[in-house]
Amino acid sequence: MTATVTAPTSVPEDSRLKDTWLKRQLITLVIGFAVVAALPLILGEQAQTVAVRTLIFALMAVAWNIMSGFGGMFSFGHAAFFGIGAYTGAYLLVDHGISPWISMAVAGVISASVGTLLAYLCLRYRLAGSYFALATFAFAQMFLLLVQNLEVFHKTEGFNVPLLPRDSWWMLQFEKGSPNYIWIPLVILALAVLGTIFYVRSRAGQFVQAVRDDETAAASLGIDTMKYRLIAVAASCALIAVAGVYYTQYYFFVGPEQAFGSAVSVEAIVPAVIGGIGTIWGPVLGAAVIGPLSEIINELLRNPPGFLGFLDGAIGLDVAVYSVILILIVIFLPKGIFGTIRERWFR
């Protein structure tokens, strides 16, 4: 008689590990949300501006990380999708009086559609690695040139958002220094991180990471590599477009360079790289470091203490110091701040 051994259909230990991981992420999210939500009550007006900019950086980095960190498709042209959001929000509001809330949904759909089409063409014709990155960069530059020469987008003048005489949740305008300007992007960022947590744990997230690690092996197991990569691209592009809409609404202005300039792509990449690519909290932690860091360096060099008086008035020194600090972080923390901490202390 031959005994038949049937493999178990599920592994309880794996389920418990997944539940523990999920609970840990959710608890971290709730604590972080509560801490940041309290900041407007203690920060001054200038510090609140830095906080808003940091939250926008974090949202951009989380979006970029979905496509390039978890999806493995390095983009150096996310300015294109940020700009689509910024200009969609500005055009619909200034020329048609449409609420930024609606613009976020419209911009997300447009950006996801455009990004998916671009990624499909690149993947269809086997553009990968540095070629894919160059293709996204060229696409962003194309958009920059396009808006600079189209009258409907006010060419190089950009859009100025009209100021309202009173607060309006519908139009996302409040008095200067209002904590709402921090709480709104904080809620959006929290939802983005929450979505990333469930995405990474989902079938689509697991499959796209398998494709990132070994496309040939993933395809041999029957995974539709194109489908799951495009899902990551669509989510990434939609999310960064939302950041673009909020950017326009907060600063009341957007022009070609502010929306589609190469510096915008760098602002999405650097926090993720510094914090840790392909991690949940790396982009957020990276933005929390990068956002205040540039302001601290600028303030220090604008008003240097007595022993650094020789630095007063030095042009471009802030950029040099900022760059050196970033280089040192990359050298000594090659897996990013969060990635290094997780590897050394939470093995």
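The values are calculated or read from the model by the stated rules, or taken from the named source; none is laboratory data. Values in this document were obtained by computation on a predicted structure and should not be read as measured data. Every residue, glycine as well, gets a Cβ built from its backbone with ideal geometry; the counts of neighbours run over all protein chains shown. Ligands, DNA and RNA are excluded from the accessible area calculation, which covers all protein heavy atoms including side chains. Shrake-Rupley method; radii C 1.70, N 1.55, O 1.52, S 1.80 Å.
May I ask you to list pairs of residues, at least six apart or on different chains, whose Cβ atoms are under 8 Å apart, with the first in segment 43-61 being acidic (Asp, Glu) and the second being not in a helix (DSSP H, G or I)?
GLU45/LYS176; GLU45/GLY177
Of these, SER111, SER103, SER99, which one is touching a residue at least 40 places away in the same chain (Cβ under 8 Å), open to solvent by less than 10 Å² (accessible area, probe 1.4 Å) and more than 16 Å from LEU239 (Cα to Cα)? First the steps, then the outcome.
On the way: SER111 fails: more than 16 Å from LEU239 (Cα to Cα); SER103 fails: more than 16 Å from LEU239 (Cα to Cα).
After applying the criteria, what remains is SER99.
Out of the residues in segment 140-182 that are among the basic types (Lys, Arg) and surrounded by fewer than 12 Cβ atoms within 10 Å (Cβ to Cβ), state the one that is modelled with the lowest pLDDT.
LYS176
Any residue in segment 100-109 that is part of a helix (DSSP H, G or I) and at pLDDT below 95?
Within segment 100-109, not a single residue is part of a helix (DSSP H, G or I) and at pLDDT below 95.
In this structure, does ALA63 turn out to be surrounded by 24 or more Cβ atoms within 10 Å (Cβ to Cβ), closer than 14 Å to ALA192 by Cβ and touching a Phe, Trp or Tyr at 6+ places or on another chain (Cβ under 9 Å)?
Working: surrounded by 24 or more Cβ atoms within 10 Å (Cβ to Cβ): yes; closer than 14 Å to ALA192 by Cβ: yes; touching a Phe, Trp or Tyr at 6+ places or on another chain (Cβ under 9 Å): yes.
Judged against the criteria, ALA63 is a match.
Do we have GLY85 as in contact with a Ser or Thr (Cβ under 7 Å, 6 or more places away or on another chain) and either of a type in the set (Asp, Glu) or not in a helix (DSSP H, G or I) (or both) here?
No: the conditions fail for GLY85.
Under 6 Å by Cβ, and 6 or more places apart or on different chains, what pairs join a residue from segment 322-334 that is without any contact (Cβ under 8 Å) to a residue 60 or more places away in the chain with one that is in a helix (DSSP H, G or I) and open to solvent by less than 50 Å² (accessible area, probe 1.4 Å)?
TYR322/SER294; TYR322/ILE297; ILE329/ILE274; LEU333/THR340
So, restricting to helices (runs of 4 or more DSSP H) that lie completely within segment 257-333, which ones have at least 3 residues that are surrounded by 16 or more Cβ atoms within 10 Å (Cβ to Cβ), at pLDDT 90 or above and in contact with a helix residue (DSSP H, G or I) (Cβ under 8 Å, 6 or more places away or on another chain)?
So the answer is 262-275, 282-302.
Looking at segment 121-134 only, could you name the residues that are over 20 Å from GLY83 (Cα atoms) and open to solvent by 40 Å² or more (accessible area, probe 1.4 Å)?
Listed by number, the residues that qualify are LEU121, ARG124, TYR125, ARG126, LEU127, ALA128, GLY129, SER130, TYR131.
Yes/no matrix, rows are residues, columns are (1) within 16 Å of the chain's Cα centre (by Cα); (2) surrounded by fewer than 18 Cβ atoms within 10 Å (Cβ to Cβ); (3) not hydroxyl-bearing (Ser, Thr, Tyr):
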residue: ARG212; (1), (2), (3): no, no, yes
residue: ALA219; (1), (2), (3): no, yes, yes
residue: THR225; (1), (2), (3): no, yes, no
residue: ILE231; (1), (2), (3): no, no, yes
residue: ALA243; (1), (2), (3): yes, no, yes
residue: TYR246; (1), (2), (3): yes, no, no
residue: TYR251; (1), (2), (3): no, yes, no
residue: GLY255; (1), (2), (3): no, no, yes
